Amino acid sequence: MDDDKPITEQAMETITTAVEATKEAAVTAVKKVRKAAKKVAKKVAPKKASKKKAKKAPKKSSKKAAKKATKKSAKKAAKNTAKKAAKKTAKKAPKTKKKAKKGKR
């Protein structure tokens, strides 16, 4: 330390050099962290499927969905026809016909 400079000036100089050093260290640390994060992101991120596989996948899922839909509609149709048949048979059940009475005039 210089005896010529006042203590406050010497203290300010040491503080500024320390601040600059920590600032540089922080910047380098941030750069390293970013670089490492990019590497990890590349490894963790899902890889893009090739175009052929990507095209086939939706077709398969749409085929499965179509099959499920046809099964459901077939089940519903069977239930509806059964219900209609039951209603028709109930309507066709022999009813005792009442003779129309002549109303008094």
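Annotation: LYS51 fulfils all but one of (1) surrounded by 10 or more Cβ atoms within 10 Å (Cβ to Cβ); (2) basic (Lys, Arg); (3) modelled with pLDDT under 90; the unmet one is (1).
For segment 59-71, state whether one or more residues are modelled with pLDDT under 65 and assigned to a loop (DSSP other than H, G, I, E, B). No, segment 59-71 contains no residue that is modelled with pLDDT under 65 and assigned to a loop (DSSP other than H, G, I, E, B).
The values are calculated or read from the model by the stated rules, or taken from the named source; none is laboratory data. Since we're looking at a predicted model, the values are computed, not measured. Positions of Cβ are backbone-derived with ideal geometry, glycine not excepted, and every protein chain shown enters the neighbour counts.
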